[in-house]
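The structure under discussion appears below in the form of structure tokens.
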Amino acid sequence: FQVLRTESFDIYHYAEEAEAVRMLAPVAEEWRVRLARDLGFDLRGRQPLVLYASQPHFAQTQVIQGLIGEGTGGVTEYLKRRMVMPFASSLTETSHVLGHELVHAFQYDGGSERVLTLPLWFIEGMAEYLTLGDDAPLTAMWLRDIARQEELPGFDDLSDPRYFPYRFGHAFWAFIGGRWGDEAVGATLRRLAPGNGGLDPVV
């Protein structure tokens, strides 16, 4: 691996990916600034990011344990807060995955071990909402379909495996953001931090 160091990131990559990594580095910094603003606190320390050229390379990573499925776009592990991902088919999709995984880094950094006990719809839905916004056609399609079947879940049903946590969690956070503003999303996450004393506030 080579390492490109930016203001906030240590980006690990192979030499042949250097040009693409230089293009993506400013995008990573933009995401960090935006998420720090939206969530109301900044990451502590530098953020490791391991980038692979393609999905097959990513699937063979030894940075994290376990098998990686074909549908997995990226992983952020808890202990060292390392983000591991491949370049996607476009810069737009790569940016979205990077932002999504960076939300998880913020969640782990700000919510401590409590984040590990939260349901998938909470953490994945938040990552989708903060990177896609409230108007996402895929989420709208899922919600419209289940509403037509008159099976729209209540809040207490969101952990049921019948409801895809990314889409239904996204819809939940879009409701929260639309009803009380995006600051409510950050405030909810900050309340998970033990004593709120460890977070770096954004001024």
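Residue count for segment 137-157 under the criterion of being exposed (fewer than 10 other Cβ atoms within 10 Å of the Cβ) and either closer than 18 Å to residue 176 by Cα or within 24 Å of the chain's Cα centre (by Cα) (or both): the result is 4. The lone criterion from (1) part of a helix (DSSP H, G or I); (2) open to solvent by less than 90 Å² (accessible area, probe 1.4 Å); (3) touching a residue at least 24 places away in the same chain (Cβ under 8 Å) left unmet by residue 84 is number (1).
Take segment 165-203 and flag every residue that is part of a loop (DSSP other than H, G, I, E, B) and either modelled with pLDDT of 85 or more or within 16 Å of the chain's Cα centre (by Cα) (or both). Spell out the reasoning first.
First pass over segment 165-203, keeping only residues part of a loop (DSSP other than H, G, I, E, B): 181-182, 191-193, 197-199, 202-203.
Across segment 165-203, the qualifying residues are 181, 182.
Picking from residues in segment 19-62 that are of a type in the set (Val, Ile, Thr) and either part of a helix (DSSP H, G or I) or out of contact with any Lys or Arg (no Cβ under 9 Å at 6 or more places or on another chain) (or both), the one that is most open to solvent (accessible area, probe 1.4 Å) is 33. All of (1) at pLDDT 95 or above; (2) farther than 16 Å from residue 96 by Cβ; (3) in contact with an Asp or Glu (Cβ under 9 Å, 6 or more places away or on another chain) hold for residue 10 with one exception: (3). The lone criterion from (1) at pLDDT 90 or above; (2) open to solvent by 20 Å² or more (accessible area, probe 1.4 Å) left unmet by residue 72 is number (1).
Could you tell me which of the residues 139, 94, 131 is farther than 26 Å from residue 40 by Cβ and either at pLDDT 90 or above or in contact with a His (Cβ under 7 Å, 6 or more places away or on another chain) (or both)? Before you say what the answer is, go through the steps one by one.
Values: 139 fails: farther than 26 Å from residue 40 by Cβ; 131 fails: farther than 26 Å from residue 40 by Cβ.
Matching residue, one of 139, 94, 131: 94.
The single condition from (1) touching a Leu at 6+ places or on another chain (Cβ under 7 Å); (2) under 27 Å from residue 186 (Cβ atoms) that residue 88 fails is (1). Residues 78, 129, 108: which one is open to solvent by less than 80 Å² (accessible area, probe 1.4 Å), assigned to a helix (DSSP H, G or I), touching a residue at least 24 places away in the same chain (Cβ under 8 Å) and closer than 24 Å to residue 11 by Cα? The unique qualifying residue is 108.
When 177, 186 are checked against the criterion of being more than 29 Å from residue 51 (Cβ to Cβ) and touching a helix residue (DSSP H, G or I) at 6+ places or on another chain (Cβ under 9 Å), 177 stands alone in meeting it.
The values are calculated or read from the model by the stated rules, or taken from the named source; none is laboratory data. A quick note: this is a predicted structure, and the numbers were derived from the prediction, not measured. FYI the Cβ positions are ideal-geometry reconstructions off the backbone, even for glycines, and counts take in every protein chain you see. These area figures cover heavy atoms from the full protein model, side chains too; ligands, DNA and RNA do not enter into them. Shrake-Rupley method; radii C 1.70, N 1.55, O 1.52, S 1.80 Å.
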